[in-house]
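Written below as structure tokens is the structure these notes are about.
The values are calculated or read from the model by the stated rules, or taken from the named source; none is laboratory data. Since this is a predicted model, take the numbers as computed values, not measurements. Cβ atoms come from the backbone with ideal geometry, glycine included; neighbour counts cover every protein chain shown.
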Amino acid sequence: MIDISRFDLRPLTADMPLLPFCCADKDLNEFLTQDAKNYLEEMMAVTYVFIDPDKQQIAAYFSLLNDKVAYDPQSKGIWNRINRHIHNNKRRRSYPSVKVGRLAVGEEYANSGFGSIILDFIKREYAKGNRAGCRFITVDAYRDVTKFYEKNGFEYFTTLDILDSTRLMYFDLKNVKEQLKGN
Ligand SMILES: CC(C)(COP(=O)(O)OP(=O)(O)OC[C@H]1O[C@@H](n2cnc3c(N)ncnc32)[C@H](O)[C@@H]1OP(=O)(O)O)[C@@H](O)C(=O)NCCC(=O)NCCS
């Protein structure tokens, strides 16, 4: 398991020089170099980078934006499952969420637990509760990466996207909140 405490975690800012980054996915490399600052400027996503201070390169990054998990009449079974964990008088047609818009670990740091540690970090940060209510984490997971999210406790929102290039998955932060209370 990689020790991520040796990396510097920084929110991307407009004037931050972009250090090199290379992961296995070309689109995710391009997002960081060409688009992440535009999303920031338009207030549509905030990107966070883990800098390797020894190599002066970005080891991993993720970006976050507000989202909602909303009732879909075509996926009633899954909606009932979600609602089972929510108090009767607090049940709604949609719930506040945060979306992991992008998550990428550089090739030389991949498969050593980095991605999972990042997801645990996001889970803890949002479960602690901060400025706004947020019950779920969502992600549009690349179809060939869904196993990674499954291993990190994410579930599928619908079976209707089973053949799509990405699948909508969610994680209930209430579980983490309960764990934090126990510690
Ligand atoms: C996918 C990615 C974020 C995973 O991060 P990582 O640090 O390599 O993953 P971890 O080491 O935390 O892996 C945790 C588990 O998920 C599995 N896993 C990792 N990447 C996977 C993948 N692409 N497909 C299926 N399973 C994967 C691992 O085998 C591991 O399982 P194990 O505990 O049984 O060994 C990273 O490999 C990456 O950035 N890949 C390229 C970009 C990408 O596809 N991003 C996802 C966009 S949705």
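Only one residue in MET1, MET44 is loosely packed, with under 12 Cβ neighbours inside 10 Å and either within 13 Å of the ligand (Cβ to nearest atom) or in a loop (DSSP other than H, G, I, E, B) (or both), so which one is that? Full working, then the answer.
Details: MET44 fails: loosely packed, with under 12 Cβ neighbours inside 10 Å.
Of MET1, MET44, the one residue that is loosely packed, with under 12 Cβ neighbours inside 10 Å and either within 13 Å of the ligand (Cβ to nearest atom) or in a loop (DSSP other than H, G, I, E, B) (or both) is MET1.
A quick yes/no check of all residues on (1) out of contact with any strand residue (DSSP E or B) (no Cβ under 8 Å at 6 or more places or on another chain); (2) part of a helix (DSSP H, G or I); (3) surrounded by 14 or more Cβ atoms within 10 Å (Cβ to Cβ); (4) at pLDDT below 95:
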site: ALA24; (1), (2), (3), (4): yes, no, no, no
site: THR33; (1), (2), (3), (4): yes, yes, no, no
site: ALA59; (1), (2), (3), (4): no, no, yes, no
site: PRO96; (1), (2), (3), (4): no, no, yes, no
site: LYS99; (1), (2), (3), (4): no, no, yes, no
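Across the range 4-18, what is the number of residues that are outside any strand (DSSP E or B) and away from the ligand (no atom under 12 Å from the Cβ)?
Selection size over the range 4-18: 10.
Can you tell me which residue among PHE148, PHE171 is within 16 Å of the ligand (Cβ to nearest atom), touching a helix residue (DSSP H, G or I) at 6+ places or on another chain (Cβ under 8 Å) and farther than 21 Å from ASP27 by Cβ?
The unique qualifying residue is PHE171.
So VAL100 clears everything in (1) more than 11 Å from the chain's Cα centre (by Cα); (2) near the ligand (Cβ under 9 Å from one of its atoms) except one condition, right? Which one?
(1)
Does any residue in the range 24-45 that is on the phi < 0 side of the Ramachandran plot and hydroxyl-bearing (Ser, Thr, Tyr) come within less than 9 Å, Cβ to Cβ, of a residue that is assigned to a helix (DSSP H, G or I) and at pLDDT 95 or above six or more places away or on a different chain, and which pairs are these?
Correct list of pairs: TYR39/PHE31.
In the range 146-183, what count of residues is obtained for those that are part of a loop (DSSP other than H, G, I, E, B) and of a type in the set (Gly, Ala, Ser)?
2
Against the conditions (1) within 15 Å of the ligand (Cβ to nearest atom); (2) touching a helix residue (DSSP H, G or I) at 6+ places or on another chain (Cβ under 6 Å); (3) under 25 Å from LEU173 (Cβ atoms), where does PHE21 fall short? Just the number, please.
Failed condition: (3).
Taking the criterion of being away from the ligand (no atom under 11 Å from the Cβ) and either under 25 Å from ASP35 (Cβ atoms) or in a strand (DSSP E or B) (or both), would at least one residue in the range 80-87 satisfy it?
no
For the range 103-113, give me the residue count where each residue is buried (at least 19 other Cβ atoms within 10 Å of the Cβ) and either assigned to a helix (DSSP H, G or I) or away from the ligand (no atom under 16 Å from the Cβ) (or both).
First, the residues of the range 103-113 that are buried (at least 19 other Cβ atoms within 10 Å of the Cβ): 103-106, 109.
Retained after the next criterion (residues that are either assigned to a helix (DSSP H, G or I) or away from the ligand (no atom under 16 Å from the Cβ) (or both)): 109.
Adding up the residues that qualify gives 1.
Of all residues in the range 24-57 being among the β-branched types (Val, Ile, Thr) and in contact with a helix residue (DSSP H, G or I) (Cβ under 7 Å, 6 or more places away or on another chain), which is farthest from VAL105 (Cα to Cα)?
Filtering first and then ranking leaves VAL46.
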